[in-house]
Amino acid sequence: MLLKECKNCRAVIKVEKDCECGCGFTCCGEKMQNVIPNSSDGAKEKHIPNYKVIGDKMEITVDHVMEADHYIAWVSLEKDNIEIVHHLNKEKEEIIFPYIKGATLYSFCNKHGLWERTVD
Ligand SMILES: [Fe+2]
């Protein structure tokens, strides 16, 4: 997954195919920067998605607050040609994904950015 962020207005875009000529994507008149998972100053244990395997499914949780100005915006699962995204409406919800060994789980906090873990 490749996300880019504007360091001025904090806009975030998901890039399906990155620019190859080097001109990059711009926002607020500047090049947007790649978002590096697990690299912000947020607490790791409050942002990395957790999963509990139940048969052929996983229950996904993130031990994070869901407040008006600080929340997990979405959680996703990626593996090869599969991508599943669950957008959250600033409240805790049940999130069920298929259990896929080796998949990557992502969570995105509006303040602390992108977090990831691999499903064992
Ligand atoms: Fe956060």
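Overview of results
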| quantity | calculated |
| --- | --- |
| Exposed-loop-free span, longest in the chain, where GluC sites (Glu not before Pro) count as exposed if DSSP calls them loop and at most 10 other C-beta atoms lie within 10 Å | 21-90 |
| The chain - Rg (one decimal) and Dmax (whole number), Cα, Å | 15.0, 49 |
| Integer Hz, Karplus 6.51/-1.76/1.60 couplings in order for region 43-58, x for Gly and Pro | 6, 3, 5, 9, 10, 5, x, 9, 9, 10, 6, 10, x, 9, 10, 10 |
| 3J(HN,Hα) from dihedral phi, region 91-105, Karplus parametrisation 6.51/-1.76/1.60, rounded to Hz, x for glycine, proline | 8, 5, 9, 6, 10, 10, 10, x, 7, 10, 4, x, 5, 10, 9 |
| Selection of trypsin sites (Lys or Arg not before Pro), region 1-108, meeting DSSP coil and at most 12 other Cβ within 10 Å | 7, 10, 17, 101 |
| Relative contact order for the chain, counting Cα pairs under 8 Å that sit 6 or more residues apart, in percent | 23 |
| Per-pair calculated FRET efficiency, R0 = 22 Å: residue 40 and residue 16 via Cβ, rounded to 0.05 | 0.40 |
| With every protein chain in place, the chain: carbon and sulfur % of accessible area (1.4 Å) | 48 |
| Members of 44/101; 57/79; 17/46; 46/79; 14/57; 14/111 lying beyond 19 Å, as alpha-carbon distances in this model show | 44/101; 17/46; 46/79; 14/57 |
| Probe 1.4 Å, all protein chains present, accessible-area order of 53, 62, largest first | 53, 62 |
| Accessible-area order (highest first, 1.4 angstrom probe) of the listed residues 74, 115 | 74, 115 |
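The values are calculated or read from the model by the stated rules, or taken from the named source; none is laboratory data. Keep in mind the model is a prediction, meaning the values are calculated, not measured. A quick note on method: Cβ atoms are made from the backbone with ideal geometry, for glycine too, and the neighbour counts reach across all protein chains shown. Surface accessibility is based on the protein's heavy atoms, side chains included, excluding ligands, DNA and RNA. Shrake-Rupley method; radii C 1.70, N 1.55, O 1.52, S 1.80 Å.
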